[in-house]
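The values are calculated or read from the model by the stated rules, or taken from the named source; none is laboratory data. Model, not experiment: these values are computed from the prediction. Because the Cβ atoms are built from the backbone with ideal geometry, glycine has one as well, and the counts that use them run over all protein chains shown.
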Number of protein chains: 2
Amino acid sequence: MTPLQTKPLAERLEDILRQRLREGFYAPGSRMPSESDLAEEFGISRATVRTVLAKLAARGLVLRRHGEGTYVSAHVQEALTHFGNVWDFNVLIESSGFTPAIRLLARESRPATETEARALALEPGTTLFSFWRLFYADDRPVILANNLCPAALFRQPLEAVDGALHIRELLRRYCQREIAFAVTDIHAVQADALAASHLGKPVGMPLLALDIAFYSQHNEPLAIGRSYFDDTSLRLSLVQAWR
Amino acid sequence: MTPLQTKPLAERLEDILRQRLREGFYAPGSRMPSESDLAEEFGISRATVRTVLAKLAARGLVLRRHGEGTYVSAHVQEALTHFGNVWDFNVLIESSGFTPAIRLLARESRPATETEARALALEPGTTLFSFWRLFYADDRPVILANNLCPAALFRQPLEAVDGALHIRELLRRYCQREIAFAVTDIHAVQADALAASHLGKPVGMPLLALDIAFYSQHNEPLAIGRSYFDDTSLRLSLVQAWR
DNA sequence: TAGTGGTCTAGACCACCCG
DNA sequence: GGGTGGTCTAGACCACTAG
């Protein structure tokens, strides 16, 4: 049973405000109710309201002006594609207005190269599970991703793993691990034959390459990945706010 | 006069903790003092300590475990190159361990194209100031940047403007404007002749292109820019933490 | 002057982890 | 059980912006 009732007040308020922003109940550029008004409307303290508004402001959803009020950002749409989600391709695709889907292209079990072993804090030659996957936005392929996990984390054989799962779900279900950290490096590369054919682009075309490493709460490396990103089909943008 | 004394407690504490993390006073992976200990050490309330720790956790500098303690992230170094600063190249270069410098290559006053006008909410043909600048990391050129501002924002002629200034400083000094928002789009491109020659790379080499738009608190577009980024010389990375 | 957000406190209670 | 972080309150005072 999921105790919905016990979700923290702050999170419940955040959900409600995000929904109101998404649906235009608070229109872009308009002024939102004051902290005191919101506190009264929901019967909670001003401090709790403030923690939520601070979070929304940090994400660029709202803009706060001292002595004046809280305003809905004119960039709500961009802010929904927030960069914190850069590794979470489903969210990225969804917030660009498309329906995401994942298709497993191939998987194999193979020994780690020296570079891979170093990134995963393993000995070279340790067995890895490799997944090649293609992300679709409304049936158009937009991201080619390769993920590598230490085979030792899995209790099931490779064939039993549902390769179309989100990496977070996959690690949770088969490895009983939660992602606590992700480190993403961004590079520009030219499409090789594999990426070009899957993304339907010419060989040599510039692509974004995202190198991601996932860690548990105990800094245990859980997986690494390299993903090729067609930035003409999908926008990668960051909204940053100050004050 | 700058009233250092009146800086908020939370900010002063954050400065101190960041310094301790940077200098290894709290070693990577080790446990930090508890909230109560910090509150006592600095003679402030636990709530204030918490706001600071929450901020550091969101930036990936520390990791908090319920019922267990606050730990220094093993990724402090990467986290210092945090992506929130993606538009602030000086910070980016500095946090990669280099000394930043800016050199003005060229500047001109010219009418806006249709695309530029739209991005700046102006009529096509309105006069813009254009700055071409090169960012150095320890005397090695790493970023070629082009910035465009509406000329109407300036009270001085183009020649009087110090083109080696940080965009934030430039807008502050000559336009009396503060940057409140930045929206950054990331693309992969191939180096054209200009970028290649200034960055010392072959033509056609993949580069990162950052398209940035700066806005004031009132959503007034202040400047746009396109910057070419050599990702083999400078690392562009994002650390993301959950919980 | 009135209303807003910004800062800070003191204290309560809860949920979690460990020895 | 004792310590830790997580949540939340009530209320104080300050700093800023507007009409």
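Is it fair to say A:Leu13 is within 10 Å of DNA strand D (Cβ to nearest atom) and modelled with pLDDT of 90 or more?
yes
When you scan the stretch B:133-141, do you find a residue that is of a type in the set (Phe, Trp, Tyr), in contact (Cβ under 8 Å) with a residue 12 or more places away in the chain and within 16 Å of B:Ile224 (Cβ to Cβ), even just one?
No, the stretch B:133-141 contains no residue that is of a type in the set (Phe, Trp, Tyr), in contact (Cβ under 8 Å) with a residue 12 or more places away in the chain and within 16 Å of B:Ile224 (Cβ to Cβ).
Take the residues in the stretch B:189-243 that are closer than 19 Å to B:Arg103 by Cα and aromatic (Phe, Trp, Tyr), then tell me which one is modelled with the highest pLDDT.
Residue satisfying both the conditions and the ranking: B:Tyr228.
Please pick out the residue among A:Ser45, A:Ser34 that is modelled with pLDDT of 90 or more, within 13 Å of DNA strand D (Cβ to nearest atom) and away from chain B (no Cβ under 14 Å).
A:Ser34
Could you grab me the full set of residues in the stretch A:37-58 that are more than 21 Å from B:Thr48 (Cα to Cα) and either crowded, with 18+ Cβ neighbours inside 10 Å or among the hydroxyl-bearing types (Ser, Thr, Tyr) (or both)?
A:Leu38
Identify all residues within the stretch B:26-79 that are of a type in the set (Val, Ile, Thr) and either assigned to a helix (DSSP H, G or I) or more than 8 Å from DNA strand C (Cβ to nearest atom) (or both); write none if there are none.
Residues satisfying the conditions are B:Thr48, B:Val49, B:Thr51, B:Val52, B:Val62, B:Thr70, B:Val72, B:Val76.
Starting from the stretch A:150-170, take each residue that is farther than 15 Å from A:Ala101 by Cα and list its partners that are among the aromatic types (Phe, Trp, Tyr) and outside any loop (DSSP other than H, G, I, E, B), counting only C-beta distances under 6 angstrom and pairs at least six apart or across chains.
Listed pairs, sorted by first residue: A:Ala151/A:Phe129; A:Phe154/A:Tyr174; A:Gln156/A:Tyr174; A:Leu158/A:Phe129; A:Val161/A:Tyr174.
Is the stretch A:120-134 home to any residue that is under 18 Å from A:Gly200 (Cα atoms) and not in a strand (DSSP E or B)?
No: the stretch A:120-134 contains no residue that is under 18 Å from A:Gly200 (Cα atoms) and not in a strand (DSSP E or B).
Residues of the stretch A:209-240 being closer than 20 Å to A:Ala117 by Cβ and small (Gly, Ala, Ser), which ones?
Within the stretch A:209-240, A:Ala213, A:Ser216, A:Ala223, A:Gly225 qualify.
If I go through the stretch A:176-211 residue by residue, how many of them are under 21 Å from the mean Cα position of the chain (by Cα) and more than 9 Å from every other protein chain (Cβ to nearest Cβ)?
Of the residues in that region, 4 qualify.
Is the stretch A:107-115 home to any residue that is among the hydroxyl-bearing types (Ser, Thr, Tyr), over 30 Å from B:Ala57 (Cα atoms) and surrounded by fewer than 18 Cβ atoms within 10 Å (Cβ to Cβ)?
There is at least one residue in the stretch A:107-115 that is among the hydroxyl-bearing types (Ser, Thr, Tyr), over 30 Å from B:Ala57 (Cα atoms) and surrounded by fewer than 18 Cβ atoms within 10 Å (Cβ to Cβ).
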